[in-house]
Amino acid sequence: MSVAVEHLVVRDAEVARVLGAIPDWWSRRARRAGLSPRWCDWRAALDEPPLALDTTHTGFECARPETIGDAYVGALAPAVRLREGRHYTPPRLAAALWREIDAVTGVRGGVVDPSRGAGALLAPYVRRRVRAAQDARATLDEIASSVAGTDLDPIGVWLGNALLAGELLPLWGRLTEAERQRTPLPRLLDVGDGLAPRRDGPQVIVMNPPYGRVRLEPSQRERWASTLYGHANRYALFLHAAVERAAEGGVVAAVIPTSFLGGAYFQRLRGFLARNAPLVRVVFVDARAGVFVGDVLQETCLAIFHKGGARADVVCGQVSVNGRATRRALPRTPARLERIEEPWLLPRAGVSGALVRRAAALRSCLADYRWSASTGPLVWNRHKVQISPRQAGGAVPILWGADIAAGRVARDVARDHQRFISLRPRDTFMRLDEPCVLVQRTTAPEQPRRLVAAVLDAETLEAWGGCVVVENHVNVLRSRDADTVLTPSLLTRLLNTATLDRIYRCLTGSVAVSAYELSFLPLPDGRELARLVTLDDATFDSSVTRYYRDVVR
């Protein structure tokens, strides 16, 4: 699998300006390291860049390497960043990831970044080695042989090599002139495919891989078959390749979206990881905006996997990187290790360990009460010509996510301009003419509730004309057992409690509420449901809270 890197066609001039700051930046760092004028000229130590530099830009005189790397990403056309999933790691996040690595292992072998960007994740380790160096030449040799990175972007590789070489200048400055002639600064990064099979077995693989779906050829799907389920995501492929490549007992440390923790498409990946490199630490990044250049949309975490390690409690935390990196511990908890492909239940901010552990111990879910969950079938923009604000010729009302209030269906007038759809014969499968429970599918991170459910009972359905078409930003929960103890009304009341909302947040890796993850929501046993159904609204929520042994904060 190769993540194609297309040449820049829109903003080459801006990229050339960013890279054009390197000569002046290099000269200043070299002088500070005590090097002679000869070595203050970047051309004496670095390769020629893949494009002509615009040296009129000198805005990074005292900048950290990571700042220049971010400027390079910012100079790329937004379409290139989006298409290639490029998002370099800010220095505070890189430092936070290395703190998690240090908590698991002391680095005694190689360190590799297979998606190295501009070397931001390697820079903290290189700086550490430079500060601790007693023998400058021996340390340079050790770094050259044990630190490596690859990327398909030749411009980024050149920039990364320049920035990491700049970190090595204090060591190089301690060599004699003759030694510098014999010991050139190492090129730690090379142009290559980070997904290509390798047998070097580094002790630490550190990465912030590209994110986003990618289309695979049949032969490529065969290569990743053990972790693929449906759509392929770039970062999942990098995780798979990293686990295969790492040394036994080594770690894979990654800045990745949280979607692998619960999404349906990652179920085989979860099983693969749990069997081969269990998750041992996860730190949730508490905000998305302002962390990465270009603002990554996914919720993000720092995840540490221990190859060949035992499955045990996962150490959880939360980190804020806006302003400074501040880590806050969250309760340890076991993922549902006996059902490793299911969504992993892990604590998030504001959730007690007792709640998570109790929920993890429960064995009942929707299917045990003969309920199923699916996504509303109407993708409205595929049926624009059939949608109108008026009901005519047997058109059917559309039920939107905005029509779902807490506990009930209430028509939102803001959606009345798209209220009815005329169904063609092949569209009749979209008709819903039986009672069910509806749950909003799309939520925002700042939304106070993730679960917003409403019962569509027979009376409400009749008021809407006897049938509706549900849009695909709504989940539809149906019962196959009219006599189930988990009635539509009781299920709706449960989903709308603060306790179930907290548990769901610990089960999902996305702001979207998926039918797949709802299917694994831990529910009370039948005896407890029979008791809960008798309670009035005044005591219902507190009784659910006590059952899950939550500590309300």
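Key figures for this structure:
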| quantity | calculated |
| --- | --- |
| Test set (1) part of a helix (DSSP H, G or I); (2) over 18 Å from the mean Cα position of the chain (by Cα); (3) surrounded by 24 or more Cβ atoms within 10 Å (Cβ to Cβ); (4) touching a residue at least 60 places away in the same chain (Cβ under 8 Å) - Leu237 fails condition number | (2) |
| Where Asp190 falls short, out of the listed (1) more than 22 Å from Val104 (Cβ to Cβ); (2) assigned to a loop (DSSP other than H, G, I, E, B) | (2) |
| Given (1) surrounded by 19 or more Cβ atoms within 10 Å (Cβ to Cβ); (2) without any contact (Cβ under 8 Å) to a residue 60 or more places away in the chain, number of the condition Asp501 does not satisfy | (1) |
| Count of residues meeting criterion [over 21 Å from Tyr125 (Cβ atoms) and modelled with pLDDT of 70 or more] in the range 75-96 | 2 |
| Residue selected from the range 342-364 under the condition at pLDDT 80 or above and surrounded by fewer than 16 Cβ atoms within 10 Å (Cβ to Cβ), by the criterion farthest from Thr545 (Cα to Cα) | Arg363 |
| Scope the range 374-395; condition of a type in the set (A, V, I, L, M, F, W, C) and either over 21 Å from Glu434 (Cα atoms) or in contact with an Asp or Glu (Cβ under 9 Å, 6 or more places away or on another chain) (or both); matching residues | Leu378, Val379, Trp380, Val385, Ile387, Ala392 |
| Glu471, sole failed condition from (1) over 21 Å from Asn381 (Cβ atoms); (2) in contact with a Phe, Trp or Tyr (Cβ under 7 Å, 6 or more places away or on another chain) | (1) |
| Residue selected from the range 163-219 under the condition under 27 Å from the mean Cα position of the chain (by Cα) and of a type in the set (Ser, Thr, Tyr), by the criterion surrounded by the most Cβ atoms within 10 Å (Cβ to Cβ) | Tyr211 |
| Residue check for Arg215: on the phi < 0 side of the Ramachandran plot and free of Cβ contacts under 8 Å to residues at least 12 places away in the same chain | no |
| Criterion: in contact with a Gly (Cβ under 8 Å, 6 or more places away or on another chain) and either over 21 Å from Ala512 (Cβ atoms) or not in a helix (DSSP H, G or I) (or both) - qualifying residue of Tyr265, Tyr229, Tyr211 | Tyr211 |
| Residues within the range 29-52 that are surrounded by 17 or more Cβ atoms within 10 Å (Cβ to Cβ) and without any contact (Cβ under 8 Å) to a residue 40 or more places away in the chain, tallied | 1 |
| Within the range 97-128, considering residues that are in a loop (DSSP other than H, G, I, E, B) and either polar (S, T, N, Q) or farther than 15 Å from Glu66 by Cα (or both), the one modelled with the highest pLDDT | Pro114 |
| Identity of the residue in the range 268-314, of a type in the set (Asp, Glu) and more than 22 Å from Ser519 (Cα to Cα), that ends up modelled with the highest pLDDT | Asp313 |
| Within the range 160-195, tally of residues that are touching a residue at least 40 places away in the same chain (Cβ under 8 Å) and under 21 Å from Arg38 (Cα atoms) | 21 |
| Total residues in the range 376-432, condition modelled with pLDDT of 95 or more, in a loop (DSSP other than H, G, I, E, B) and polar (S, T, N, Q) | 1 |
| Qualifying residue in the range 135-156 (condition: assigned to a helix (DSSP H, G or I), within 27 Å of the chain's Cα centre (by Cα) and crowded, with 18+ Cβ neighbours inside 10 Å) | yes |
| Cβ pairs under 7 Å, 6+ apart, first in the range 512-539 and assigned by TED's automatic domain parsing to the domain that holds Glu299, second assigned to a loop (DSSP other than H, G, I, E, B) and at pLDDT 95 or above | none |
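To keep it simple, each residue is scored yes or no on (1) touching an Asp or Glu at 6+ places or on another chain (Cβ under 8 Å); (2) in contact (Cβ under 8 Å) with a residue 24 or more places away in the chain.
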position: Ala402; (1), (2): yes, no
position: Ala414; (1), (2): no, no
position: Arg426; (1), (2): no, no
position: Glu434; (1), (2): no, yes
position: Gln440; (1), (2): no, yes
position: Pro448; (1), (2): no, no
position: Trp464; (1), (2): no, yes
position: Cys467; (1), (2): yes, yes
position: His473; (1), (2): no, yes
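The values are calculated or read from the model by the stated rules, or taken from the named source; none is laboratory data. A quick note: this is a predicted structure, and the numbers were derived from the prediction, not measured. Positions of Cβ are generated from backbone atoms using ideal geometry, with glycine treated the same way; all protein chains shown enter the neighbour counts.
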